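Structure provided below as structure tokens; questions to follow.
What follows is calculated from the coordinates using simple rules that are stated; it is not laboratory data. As the structure is a computational prediction, the values presented were derived from the model and not from experiment. When we count neighbours, we look across all protein chains shown, and the Cβ atoms used for this are built from the backbone with ideal geometry, even at glycine.
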Amino acid sequence: MKIGIICPSEIAFRRFMPAAQKCEGIEYVGVAYAEPEEWFGGRTSDEIIASEAKKAEAFKENYGGKVFSGYENMIKSGEIDAVYLPLPPALHYRWAKLALENGKHVFLEKPSTTSAKDTAELVELAKGRNLALHENYMFVYHDQLKALQKLVEKIGDIRLYRIAFGFPQRDKNDFRYNKALGGGALLDCGGYTLKLASMLLGDGARITAARLNSAPGFDVDIYGSATVTDDNGATAQISFGMDNSYKCELEIWGSKGFVTTGRVFTAPAGFTPTATITVGNNTETVELPADDTFAKSIEHFVNCVNDENIRKQNYKALLRQAELVEAVMK
């Protein structure tokens, strides 16, 4: 499968390309930078476009491939079968839709879009054309989750899940703080916590309480929390924020003990995470497996292209995640 990248972004350069080079069944073709009229939906300066073109040339120098002038030119090119789309969230729908309409498989950075309606439309387009549509929540492929499940068997009946993901404020020019670009804590770090809660609680997971909070000088939500439950009363309390002290935690509280871990969403390739398990008066720190989640997410995308059943599972996961995010918004 020949893939091109829409936008010479940092995550594409620093994370996607090294991971893609490890994966069989995928070939990098090139990267596209925006034409002036394509820039965030409105024409921009030649200086900005020149800067993007320079970033694109860095891809060519480091990874080979070619540079495409214009997202649409690359999408409509016969040289690619698929696109990786790491643009800000508000731009996902436009370019993913164009790619699907032109018969390209789409690998999206999370969130898929900024609304459940837009995500549903992309899923219907992909279904109708037998195309893969994949949302890059990498952490779900980490082997530490399987190892944690074995630890959980030792703590009795589950009473509560606590999930937290937040980080200190970044530069104010970061797209996460820009409403027009699909910013906001819920769409960013909040999506991770909802995804994990849904995995832990299953298909019956639903939002029973939620709050999003802003802060002076911002037009997006900066932090928030929610309660997620299933039909049997199991509960996950989630919290998230992008002007917070750093946290990346999962705590599972059982009738006989509890398990905690601190890199459930962000363990980089080769990093060995740990978990603490307490049963009664005994506390033990356990090493969890190292992994490369970006490479495994790309491999899953390739499998989506090749396997109809996996594609259908992906469609369902995309819709479920978008519905949960929208439920928090409402």
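For ASP143 and GLU287, calculate 0.36 nm times their separation in residues minus their Cα-Cα distance, and state this gained length in nm to one decimal.
That works out to 50.7 nm of additional length.
Now for a separate question. Compute the signed sum of charges (Lys and Arg +1, Asp and Glu -1) over the other residues within less than 10 Å, Cβ to Cβ, of ASN178.
With Lys, Arg at +1 and Asp, Glu at -1, the net is +1.
Run the dipole for the chain about the Cα centre, Lys and Arg Cβ at +1, Asp and Glu Cβ at -1, nothing else charged, and hand back the magnitude in debye, nearest 20.
For the chain, the charge dipole is close to 480 debye.
Tell me the trypsin sites (Lys or Arg not before Pro) within region 217-317 that lie in a loop according to DSSP and have at most 13 other beta-carbon atoms within 10 Å.
Those satisfying the criteria are LYS256.
By the scheme Lys and Arg +1, Asp and Glu -1, what is the net charge of all other residues having a beta-carbon under 11 Å from that of ARG43?
It works out to a net charge of -4.
Right, here's the next one. Of LEU250, LEU108, LEU98, which has the largest mean-square fluctuation in a 10 Å C-alpha GNM of the chain?
Most flexible of the set in this elastic network: LEU98.
Pop out the ³J(HN,Hα) list for region 106-115 in order, Karplus 6.51 cos²θ - 1.76 cosθ + 1.60 with θ = phi - 60°, rounded to Hz; leave Gly and Pro as x.
Along region 106-115, the couplings run 10, 10, 9, 5, 7, x, 4, 8, 9, 8 Hz.
Separate question: Helix 191-201 sits at what angle to the longest principal axis of the chain, using alpha carbons and giving 0 to 90 degrees rounded to 10?
Roughly 50 degrees, rounded to the nearest 10.
Moving to a separate point now. Kindly state, to the nearest 0.05, the FRET efficiency for ASN73 paired with THR227, given R0 = 51 Å and r defined as their beta-carbon distance.
It comes to 0.65.
Now, a different point. What share of the DSSP beta bridges in the chain is antiparallel, in percent to the nearest 5?
60 percent
Another one. Note down the magnitude of the dipole of region 143-290 about its Cα centre, charges +1 on Lys and Arg C-beta and -1 on Asp and Glu C-beta and zero elsewhere, to the nearest 20 debye.
Here region 143-290 has a charge dipole of around 80 debye.
OK, next. Separation of region 103-145 and region 164-188 by C-alpha centroid, Å?
Centre-to-centre (Cα) distance: 21 Å.
Using only Cα atoms, tell me the angle between helix 92-101 and the longest principal axis of the chain; keep it within 0 to 90° and round to the nearest 10.
Roughly 60 degrees between the two axes.
Another question, then. Taking a 28 Å limit on the Cα-Cα distance, which of the listed pairs LYS60/LYS97; LYS154/LYS195; LYS195/LYS330; LYS22/LYS195; LYS2/LYS247; LYS146/LYS172 fall beyond it?
Flagged as over cut-off: LYS2/LYS247; LYS146/LYS172.
Just to confirm my numbers, what's the Cα centroid distance between region 249-270 and region 35-74 in Å?
40 Å
Now, a different point. Quick check on the chain: helices-only [θ] at 222 nm, where DSSP H runs of length 4 and up contribute -39,500 (n - 2.57) each and the sum goes over total residues. Nearest 500, please.
Rounded to the nearest 500, it is -10000 deg cm²/dmol.
Would you mind computing, in nm to one decimal, how far apart the modelled labels at ALA269 and ARG170 are, each placed 7 Å from Cα along Cα→Cβ?
2.0 nm
Using the Cβ atoms and a cut-off under 10 Å, what net charge is assigned to the surroundings of ASN102, where Lys and Arg are +1 and Asp and Glu are -1?
Computed value for this residue: +2.
Multiply the residue separation of ASN213 and GLU27 by 0.36 nm, subtract the distance between their alpha-carbon atoms, and state the gained length in nm to one decimal.
62.7 nm
With a cut-off of 11 Å, note down the residues of region 210-244 whose backbone N falls inside the zone around a label point 7 Å from the Cα of LEU319 toward its beta carbon.
Flagged as within label range: none.
Modelling each spin label as a point 7 Å along the Cα-to-Cβ direction, I'd like the ASN102/LYS117 distance in nm, to one decimal.
2.6 nm
Report the extension gain between PHE40 and GLU326 in nm, rounded to one decimal, defined as 0.36 nm multiplied by the number of residues separating them, less their alpha carbon distance.
100.6 nm
Work out which GluC sites (Glu not before Pro) in the chain are exposed loop sites (DSSP not H, G, I, E or B, at most 10 other Cβ within 10 Å) and give the longest gap free of them.
154-330
How far is helix 308-329 tilted off the main Cα axis of the chain, in degrees rounded to 10, range 0 to 90?
70 degrees
On to the next question. Enumerate the calculated ³J(HN,Hα) couplings along region 128-138 in order (Karplus 6.51 cos²θ - 1.76 cosθ + 1.60, θ = phi - 60°), each rounded to whole Hz, writing x wherever the residue is Gly or Pro.
Ordered by residue, 3J(HN,Hα) equals x, 10, 6, 10, 7, 9, 10, 9, 8, 8, 5 Hz.
Apply the Karplus parameterisation 6.51 cos²θ - 1.76 cosθ + 1.60, with θ equal to phi minus 60°, to every residue of region 74-86 and state each ³J(HN,Hα) to the nearest whole Hz, in sequence, with x for glycine and proline.
Per-residue couplings from phi come out as 6, 4, 8, 6, x, 7, 10, 10, 8, 10, 9, 10, x Hz.
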